[in-house]
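J.: Pasting a structure here, questions to come.
The values are calculated or read from the model by the stated rules, or taken from the named source; none is laboratory data. Model, not experiment: these values are computed from the prediction. All Cβ positions, glycine included, derive from the backbone under ideal geometry; neighbour counts span all protein chains shown. What goes into the accessible areas is simple: the full protein's heavy atoms, side chains included, and nothing from ligands, DNA or RNA. Shrake-Rupley method; radii C 1.70, N 1.55, O 1.52, S 1.80 Å.
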Amino acid sequence: MNGVHDMGGMDGFGKVEPEANEPVFHARWEGRLMAMTRAMTALGHWNIDIGRYGIEVLPPHVYLSSSYYRRWYFRTANLAVQRGLIGADELEAGRALRTDSGKKKKTFSETDVERVSRRGSFGRASATPARFKIGERVRAINTHPKSHTRLPRYVRGHVGVIELVHGTHVFPDDLVAGKGEVPQWLYTVRFESRELWGPDADPTVKVSIDAFEPYLEHA
């Protein structure tokens with residue numbers, strides 16, 4: 001998806017200034033929101049890709065004016081309403097306004113915490129051989145999808161070299177579109193900086209991205 005969230009390679013935002021001794025959370029509510037996100041995913045209400053898309057569709061003025069976890073809040077609130085977990089009126093009120101006795105309840109307990117704290121595995125069995133091999137030159141396709149994609153805008157149309165082959169993994173684009181996991185081969189592709197940004201770029205800089213096979217074609 002094209003939008004303000006895809007900031008890679010863009011000018012005008014200034015330097016990234018790391019915060020000295022930055023805490024894990026700047027406020028208690030951020031930690032609570034992290035826990036809530038993990039619980040909602042573990043209970044199957046949505047997954048990481050749908051969650052990412054929920055942030056991508058935030059209006060530009062909201063995205064650009066919000067902190068990292070504030071974006072998470074808007075995403076979580078919007079998805080909870082969209083999926084019928086709460087009502088928009090309950091979100092506005094900040095509390096439950098009805099018992100929702102007809103809804104199917106799911107439970108989450110302390111025994112689930114360790115399980116959902118581990119990063120999930122998205123590798124899947126391969127049904128077809130890899131189309132590309134290490135050392136091969138490939139071009140990232142020039143595409144501008146209206147839904148979710150993991151292909152950064154700044155590499156589209158540019159040529160790179162396959163560095164690694166990671167096997168087949170859940171394809172986020174199709175998963176968010178409701179087509180199922182549709183596993184695809186995943187590669188690390190290295191791009192020269194001047195290929196991406198022209199002759200004024202630092203020639204010593206190289207950029208590597210992970211790219212799914214549908215994103216690539218032979219160069």
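J.: Take the residues of the stretch 42-66 that are of a type in the set (A, V, I, L, M, F, W, C) and not in a helix (DSSP H, G or I): which is most open to solvent (accessible area, probe 1.4 Å)?
T.: For the stretch 42-66, the residue satisfying everything is Val57.
J.: Do you know which residues across the stretch 95-136 are among the hydrophobic types (A, V, I, L, M, F, W, C) and either at pLDDT 85 or above or assigned to a loop (DSSP other than H, G, I, E, B) (or both)?
T.: Restricting attention to the stretch 95-136, the residues satisfying the condition of being among the hydrophobic types (A, V, I, L, M, F, W, C) are 96-97, 108, 113, 116, 122, 125, 127, 130, 132, 134.
Within the stretch 95-136, Ala96, Leu97, Phe108, Phe122, Ala125, Ala127, Ala130, Phe132, Ile134 qualify.
J.: Would you mind stating whether Leu186 is in a loop (DSSP other than H, G, I, E, B) and open to solvent by less than 30 Å² (accessible area, probe 1.4 Å)?
T.: No; evaluated as a whole, the condition is false for this residue.
J.: Among the listed residues Arg139, Arg194, identify the single one that is at negative phi, open to solvent by 70 Å² or more (accessible area, probe 1.4 Å) and outside any strand (DSSP E or B).
T.: Working: Arg139 fails: outside any strand (DSSP E or B).
Residue meeting the stated conditions: Arg194.
J.: If you don't mind, there's one more thing I want to ask. Against the conditions (1) exposed (fewer than 12 other Cβ atoms within 10 Å of the Cβ); (2) of a type in the set (Gly, Ala, Ser); (3) under 29 Å from Pro214 (Cα atoms), where does Gly123 fall short? Just the number, please.
T.: (1)
J.: To continue, here is another question. State whether one or more residues within the stretch 22-32 are in a helix (DSSP H, G or I), of a type in the set (A, V, I, L, M, F, W, C) and either open to solvent by 30 Å² or more (accessible area, probe 1.4 Å) or at pLDDT 90 or above (or both).
T.: Here is the first cut: in the stretch 22-32, the ones in a helix (DSSP H, G or I) are 28-32.
Adding the requirement that they be of a type in the set (A, V, I, L, M, F, W, C) leaves 29.
Subset that is either open to solvent by 30 Å² or more (accessible area, probe 1.4 Å) or at pLDDT 90 or above (or both): 29.
Looking for residues that are in a helix (DSSP H, G or I), of a type in the set (A, V, I, L, M, F, W, C) and either open to solvent by 30 Å² or more (accessible area, probe 1.4 Å) or at pLDDT 90 or above (or both), one finds at least one in the stretch 22-32, hence yes.
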